[in-house]
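J.: Here it is, the structure in full.
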Amino acid sequence: MQSARDTVHITPAEWRWVIFVGGALVLLAFVPFLWVALSGAVGDQWQFMGVLNNYIDGATYISKMMQGFEGSWLVYFRHTSEPHNAIFVQVLYPALGQLARVINVPPIAIFHVARVVASLIMYMAMYYFASTVWPRPRSRRIFFIIAAIGSGLGWVLLILTGDTTSPDLVIPEIFPFYSSLVNVHFPLTITCLTLLASNLVVIFRPGCTDDPSITNGGLAIGAFSFTLSLLYPQSLVPLGLAVTGFIVFYWLRQRQFSAREARWLLVLALPALPMAAYYFAIVNYNPAAAGWNSQNITLAPNPVIMLIGLGVPLLIALPGIIRAVRRFNQDGDQLMLIWLITILIVVYLPTNVQRRFAVGLMIPIAYFATRALEDYWFTFITRRWRYRLLMAVIPTITMSYVVLLIVNLNVKSGPFLQRDYAAVFQWLSTQSESNEVILASPEVSVWVPAWVGARVVYAHPYETLSAAVKEQQVENWFKAESPADCQALISQYNVRFVIYGPQEEQLGQTTCLDTLEPVFRYNSVTVYAP
């Protein structure tokens, strides 16, 4: 009788291969940073602000880490001007800030170190999953390569039409390597999902009769479920529905209810319920969380663009998916097929966070792609040509990443600001407090909470409350000609300082500065006070 306690054997040579390849991918992800540091492209004019990919969200992560650095475990949205109660969300980043405080390291440095560690753990978890499914190292490595670096044909769409909405260019949650470019919690989320899948595949194999316990995966599943409720709660929705569907189908096929499967489902679901209840409460009773939630709209691309974004890996996987539909074997195929279908269904349900449900989608796709290669495609290709064909396919499935890395080699506002702003930020950090509001252009304001620790009028489409209104107000202020218009915004948001430099000049030549007093100047950037 098979047991969920059966061990997975991975040789030291395999682990060395995983660490070597995973380490190479991490180094590749840092190529733009090395270019910034070594090329001299930044020079004396530009200051790198700390995050390249998705810098707008990255700045909010650094802000949350700064709050942890100051001793807080709760998150206060400093990218908005309104006073509000702090909330317990995205706790990973305050925790990293607490770590930075303990070891006395700048939070930005800890952010990138944590990205490295999270990425390596993610790659190791992916190989561990492969080892629970395939005994052959070749199959394990094929899965690892497709899952780790597989991407779609968004680069083709970009070249032909200029369309940038393809998932492999804008939804890093789906693609492990892309997720490693962006933040810490995406790789950790994929890690937890992959390890959950590893345990679930073993637990629901034919002949396995174990009830949940501490030693056979029960504790691990509960721990990963709770961790996901902190890191990325949306990820549990498709996986939980998939496991529920799998169990219901099993009961229908067996024509009887089995308490064992129900217990495993409870082990997966119950640890996440406290945080689910908390999230429900704050978005209904905390005005700041409610405003954040209402603006947090991340819609999925249309289905055709989604399929293009999944590209060659999905095409390779099709025979494996078709085989799984026809045979519907319980040994892994059922669960992974239901998970894949559930993700694609939930992504297009009428919610405001559709794309967030797509996290980890590459795992079941890589699973079926590996199945298809081993059981279908390789039957048409001689042994001599198999690896040559894979070497030809790999550049095709990685081109979107090449595009993303090249884009990051451009010095532009956003991830970079004129160096004068950095000096102004240093001065403001000694003059302002966390409850004071600073007015600047959106490109500058996005970095103020992380670098200065103060609040801003507008900086982020989600974390600035009434974001659309404030964005327009800020733009109008930097173009205003009437003194009355100037004073209205200052009074409404109780602005303590105004920053004016090259970024603000691009918004307009405002007359509002005539009503303010300059209190600090560093070359091209001036700080004003009402």
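J.: With the contact rule set at Cα under 8 Å and sequence spacing of 6 or more, what percent relative contact order holds for the range 210-286?
T.: Dividing the mean separation by the residue count of the range 210-286 yields 44 percent.
J.: Using θ = phi - 60° and the Karplus curve 6.51 cos²θ - 1.76 cosθ + 1.60, what whole-Hz ³J(HN,Hα) does each residue of the range 134-145 get, with Gly and Pro shown as x?
T.: 10, x, 7, x, 4, 5, 4, 6, 4, 4, 4, 5
J.: Here's another thing I want to ask about it. Just to confirm my understanding: which cysteines in the chain have no other cysteine beta carbon less than 4.7 Å from their beta carbon?
T.: Cys192, Cys208, each lacking another Cys Cβ under 4.7 Å.
J.: Oh, and also: If you roll a 1.4 angstrom probe over the protein chains with everything in place, what fraction of the accessible area of the chain belongs to carbon and sulfur, to the nearest %?
T.: Of the solvent-accessible surface of the chain, carbon and sulfur hold 63 percent.
J.: For the range 153-210 and the range 398-447, what is the centre-to-centre distance using only Cα atoms, to the nearest Å?
T.: Distance between centres, Cα-based: 28 Å.
J.: What list of ³J(HN,Hα) values in whole Hz, one per residue of the range 330-341 in order, does the Karplus curve 6.51 cos²θ - 1.76 cosθ + 1.60 (θ = phi - 60°) give from phi, with Gly and Pro shown as x?
T.: 6, 6, x, 4, 4, 4, 5, 5, 5, 4, 4, 5
J.: When the chain is fully extended, how far beyond the present Cα-Cα distance does Ser258 get from His9, taking 0.36 nm per residue of separation?
T.: Additional length available on full extension: 86.6 nm.
J.: Let me ask you something else. What is the helix-to-structure angle for 55-69, meaning the angle in degrees between its Cα long axis and the longest Cα principal axis of the chain, kept from 0 to 90 and rounded to the nearest 10?
T.: For 55-69 against the chain, the angle is about 80 degrees.
J.: Here's another thing I want to ask about it. Could you compute the FRET efficiency for Leu273 and Glu70, with r as their C-beta to C-beta distance and R0 at 35 Å, rounded to 0.05?
T.: Computed FRET efficiency for Leu273 and Glu70: 0.65.
J.: Another question about this same structure. Once amide H atoms are placed 1.01 Å from N in the peptide plane, what residues at a sequence separation of 5 or more from Gln418, or on another chain, have their amide H within under 5 Å of its amide H?
T.: Gln47
J.: If you don't mind, there's one more thing I want to ask. Expressed as an acute angle from 0 to 90° and rounded to the nearest 10, what is the orientation of the C-alpha long axis of helix 303-327 relative to the principal long axis of the chain?
T.: The angle comes out at about 20 degrees.
J.: Shifting gears a bit: Hey, what angle do you get for helix 273-285 against the long axis of the chain, alpha-carbon based, 0 to 90 degrees rounded to 10?
T.: The answer is roughly 30 degrees.
J.: Right, something else. Give the distance, in whole Å, between the Cα centre of the range 107-142 and the Cα centre of the range 253-331.
T.: If we compute the Cα centre of each part, the gap is 21 Å.
J.: Follow-up question, since we're still on this one. Just need the relative contact order of the chain here, percent rounded to a whole number, with Cα pairs under 8 Å and 6+ apart.
T.: Normalised by residue count, the contact order of the chain is 20 percent.
J.: I would also like to ask the following. Show the residues, 5+ positions off or on another chain, whose built amide H is closer than 5 Å to the amide H of Arg521.
T.: Here Val527 satisfy the definition.
J.: Helix-only estimate, please: 222 nm mean residue ellipticity of the chain, summing -39500 (n - 2.57) across DSSP H runs of length 4 or more and dividing by its residues, to the nearest 500.
T.: -19000 deg cm²/dmol
J.: Classify the chain as rounded, prolate or oblate, taking a ≥ b ≥ c as the square roots of the eigenvalues of its Cα gyration tensor: rounded when a/c is under 1.5, otherwise prolate if a/b is larger than b/c and oblate if not.
T.: Working: a/c = 2.23, a/b = 1.76, b/c = 1.26.
Prolate shape, in that a/c is at least 1.5 and a/b is the bigger ratio.
J.: Kindly give the semi-axes, whole Å and largest first, of the ellipsoid equivalent to the range 131-220, taking each as the square root of 5 times a Cα gyration tensor eigenvalue. Numbers along the way, then the final one.
T.: Numbers: eigenvalues 226, 50, 23 Å².
Here the semi-axes work out to 34, 16, 11 Å.
J.: Restricting attention to the range 256-310, which chymotrypsin sites (Phe, Trp or Tyr not before Pro) occupy a DSSP loop and are surrounded by at most 14 other Cβ atoms within 10 Å? Can you show the working numbers first?
T.: Details: sites: Phe257, Trp264, Tyr278, Tyr279, Phe280, Tyr285, Trp292; in loops: Phe257.
Loop-located and lightly packed - Phe257.
The values are calculated or read from the model by the stated rules, or taken from the named source; none is laboratory data. Fair warning: this is a prediction, and the values are worked out from it, not measured in the lab. In this analysis, Cβ positions are derived from the backbone assuming ideal geometry, glycine residues included, and neighbour counts consider all displayed protein chains. Calculation scope for accessible area: heavy atoms of the full protein, side chains included, ligands and nucleic acids excluded. Shrake-Rupley method; radii C 1.70, N 1.55, O 1.52, S 1.80 Å.
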